[in-house]
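Trainee: Structure below; questions to follow.
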Amino acid sequence: MKVVNIVTGDEGGGGRAAYRLNKGLKAAGCDAKLYVASKFHHDDETIVFQPKEDLASKLKRFLFRTRLRIRTAAYPYKLGWSWEHECQRDGDPIEQLPPGDIYNLHTISNFFDTGAFFPAVAMRTPTVWTIHLMAPFTGGCYHASGCERFERECGLCPMLGAKRENDPSRAEWEDKQRIYSSIPADRLSLVTPSEWMRSRIARSSLMKRFDAVVIPNGVDTDVYKPRDRAAARQTLDLPADAKVLLFVSQHGLWAKGKGFDLLVEMIGGMRDTKGLQLLTLGPDFRSGVGIPHKHVGHVFNDNLLSLIYNAADMLVIPSLEDNLPTVVLEAMACGIPVAGFATGGIPEMVRKDETGEIVPKGDVGELRLAVEALLRDEPTRARLSRQCRENALREYSLPVVAARYLKLYETMLERGHGH
């Protein structure tokens with residue numbers, strides 16, 4: 001069986017998930033390839049799209065960007081927004097598409113033009129689409145943030161501050177509706193990493209007619225594993241006896257959706273907790289938090305990331321918007337308990353008194369109480385640590401996740417033989 005995983009880049013949440021799935025499939029004996037627009041990992045087998053550099057292709061890309069700027073001029077750029085289902089490369093990436101028995105799409109914004117891919121490719125080759133963000137079934141937003149217009153036809157978009165129904169989100173929704181309606185329901189299967197995302201699809205006007213199954217993202221439990229805490233702290237120059245809280249946001253700005261401002265608010269009420277230390281990982285960060293703070297910047301090396309997780313007593317994830325965040329899987333695999341809000345798919349991983357503490361979304365006071373209680377209770381933290389590791393091995397290890405995908409692929413191929 002030849003499987004081609006397609007993703008814009010092999011970094012970021014969806015990119016890392018696709019890269020790891022591809023790795024797991026290969027380890028299971030599957031002929032799996034990763035096809036990307038940009039490559040980060042040093043993997044010689046990853047196939048990288050090569051844009052055409054002739055004058056006509058460059059002009060076509062320029063005209064696309066110009067048209068997009070004109071179309072969206074009245075709406076300022078929004079973090080967490082995908083302006084088009086199309087991309088400036090048009091159908092070029094499909095010409096270089098490696099042969100496969102199954103194509104598995106992941107996050108493909110600004111790489112694959114779905115209008116060019118569907119229905120032509122899906123009609124001849126079974127296709128799986130792993131939905132990491134809501135954008136494939138909304139008018140463009142990655143997360144709907146409480147808006148329910150994706151259940152109908154988008155338009156009058158609150159995220160864009162639109163004043164009319166016929167806004168870019170409506171145009172995007174209509175384009176997707178035209179494209180998706182041309183796909184026979186049995187030629188496309190959806191995978192969602194969380195039950196929460198599957199429930200969003202079940203309510204969406206664009207994608208609810210396609211089968212959707214829940215298969216979580218995977219984590220390499222041979223790399224992300226418990227390590228010596230004292231050695232990890234010595235390497236990072238952290239106090240051996242500190243109570244270390246870890247916050248991770250690898251990509252983008254300190255976006256409001258990741259809840260860093262709420263983390264700072266939570267810490268503000270913990271000044272009496274002795275030895276408290278904050279460890280942060282991600283974009284440049286200068287705001288004072290009132291306690292000792294070590295910032296390690298962007299880190300993408302898996303072994304070093306595993307070391308950083310192991311230096312912490314807990315991961316705190318105060319996200320207001322998320323699906324099945326990779327950072328939780330990585331922390332759990334390292335045996336690090338997690339405390340966070342009941343956001344998206346987070347409660348599916350962070351289970352009270354099993355792998356950490358979960359509190360109502362946005363309730364900073366409850367999160368503070370949960371974190372303080374765990375920091376005081378070392379025996380409970382040790383028990384949660386063991387259970388985090390056990391759950392990661394049982395539910396999220398690459399062999400387990402790859403086996404579930406292979407079963408889905410085989411079902412689709414059997415179904416496809418009936419055509």
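The values are calculated or read from the model by the stated rules, or taken from the named source; none is laboratory data. This is a predicted model, so every value here is computed, not measured. Counting neighbours? That spans all protein chains shown, and the Cβs are built from the backbone with ideal geometry, glycine included.
Trainee: If residue 84 meets every condition in (1) over 25 Å from the mean Cα position of the chain (by Cα); (2) under 30 Å from residue 324 (Cα atoms); (3) of a type in the set (Asp, Glu); (4) modelled with pLDDT under 90 apart from one, which number is that one?
Mentor: Here residue 84 clears every test but (1).
Trainee: If you don't mind, there's one more thing I want to ask. Please work out which residue is farthest from the chain's Cα centre (by Cα), limiting yourself to region 108-124 and to residues that are over 18 Å from residue 61 (Cα atoms) and in contact (Cβ under 8 Å) with a residue 40 or more places away in the chain.
Mentor: Selected residue: 123.
Trainee: How many of the residues making up region 39-71 are surrounded by 11 or more Cβ atoms within 10 Å (Cβ to Cβ), over 26 Å from residue 121 (Cβ atoms) and either at pLDDT 75 or above or under 26 Å from the mean Cα position of the chain (by Cα) (or both)?
Mentor: 1
Trainee: Suppose we filter 197, 159 for residues that are touching a Cys at 6+ places or on another chain (Cβ under 6 Å), assigned by TED's automatic domain parsing to the domain that holds residue 12, touching a residue at least 12 places away in the same chain (Cβ under 8 Å) and aliphatic (A, V, I, L, M); which single one remains?
Mentor: 159
Trainee: Determine, yes or no, whether residue 187 is crowded, with 20+ Cβ neighbours inside 10 Å and at pLDDT below 95.
Mentor: yes
Trainee: Go through (1) surrounded by 14 or more Cβ atoms within 10 Å (Cβ to Cβ); (2) at pLDDT below 95; (3) not in a helix (DSSP H, G or I) one by one and return the number of the condition residue 212 breaks.
Mentor: Here residue 212 clears every test but (2).
Trainee: A further question follows. Mind listing just one residue for me: the one in region 184-209 that is in a strand (DSSP E or B) and under 16 Å from the mean Cα position of the chain (by Cα) and, of those, nearest to residue 335 (Cα to Cα)?
Mentor: 192
Trainee: Further, regarding this structure: Are any residues in region 236-273 basic (Lys, Arg) and either at pLDDT 90 or above or part of a helix (DSSP H, G or I) (or both), and if so, which ones?
Mentor: The answer is 243, 256, 258.
Trainee: Right, here's the next one. What strands (runs of 3 or more DSSP E) completely inside region 289-383 contain at least 3 residues that are in contact (Cβ under 8 Å) with a residue 12 or more places away in the chain, out of contact with any Ser or Thr (no Cβ under 8 Å at 6 or more places or on another chain) and within 21 Å of residue 227 (Cα to Cα)?
Mentor: Per the criteria, 314-317.
Trainee: Could you please find all residues in region 41-58 being under 20 Å from residue 18 (Cβ atoms), without any contact (Cβ under 8 Å) to a residue 40 or more places away in the chain and in a loop (DSSP other than H, G, I, E, B)?
Mentor: 41, 42, 43, 44, 45, 46
Trainee: Look at residue 110 and say whether it is modelled with pLDDT of 90 or more, surrounded by 13 or more Cβ atoms within 10 Å (Cβ to Cβ), under 30 Å from residue 248 (Cα atoms) and touching a strand residue (DSSP E or B) at 6+ places or on another chain (Cβ under 7 Å).
Mentor: Numbers: modelled with pLDDT of 90 or more: no; surrounded by 13 or more Cβ atoms within 10 Å (Cβ to Cβ): yes; under 30 Å from residue 248 (Cα atoms): yes; touching a strand residue (DSSP E or B) at 6+ places or on another chain (Cβ under 7 Å): yes.
So residue 110 fails the test.
Trainee: Could you check how many residues of region 200-233 are free of Cβ contacts under 8 Å to residues at least 12 places away in the same chain and under 27 Å from residue 314 (Cα atoms)?
Mentor: So the count comes out to 3.
Trainee: I've got another one for you. From 165, 172, which residue is crowded, with 22+ Cβ neighbours inside 10 Å, modelled with pLDDT under 95, in contact with a Gly (Cβ under 8 Å, 6 or more places away or on another chain) and not aliphatic (A, V, I, L, M)?
Mentor: Values: 165 fails: crowded, with 22+ Cβ neighbours inside 10 Å.
Exactly one of 165, 172 is crowded, with 22+ Cβ neighbours inside 10 Å, modelled with pLDDT under 95, in contact with a Gly (Cβ under 8 Å, 6 or more places away or on another chain) and not aliphatic (A, V, I, L, M), namely 172.
Trainee: Going through region 215-237 one residue at a time, which ones are surrounded by 19 or more Cβ atoms within 10 Å (Cβ to Cβ) and of a type in the set (A, V, I, L, M, F, W, C)?
Mentor: Within region 215-237, 215, 219, 232 qualify.
Trainee: With the requirement that a residue be buried (at least 24 other Cβ atoms within 10 Å of the Cβ), part of a helix (DSSP H, G or I) and of a type in the set (A, V, I, L, M, F, W, C), what does region 1-32 give you?
Mentor: Those that are buried (at least 24 other Cβ atoms within 10 Å of the Cβ), part of a helix (DSSP H, G or I) and of a type in the set (A, V, I, L, M, F, W, C): 17, 18, 21, 25.
Trainee: Same structure again: Looking at this structure, is residue 403 out of contact with any strand residue (DSSP E or B) (no Cβ under 7 Å at 6 or more places or on another chain), within 23 Å of residue 267 (Cβ to Cβ), surrounded by fewer than 18 Cβ atoms within 10 Å (Cβ to Cβ) and among the aliphatic types (A, V, I, L, M)? Please lay out each step first, then the result.
Mentor: Numbers: out of contact with any strand residue (DSSP E or B) (no Cβ under 7 Å at 6 or more places or on another chain): yes; within 23 Å of residue 267 (Cβ to Cβ): no; surrounded by fewer than 18 Cβ atoms within 10 Å (Cβ to Cβ): yes; among the aliphatic types (A, V, I, L, M): yes.
So residue 403 fails the test.
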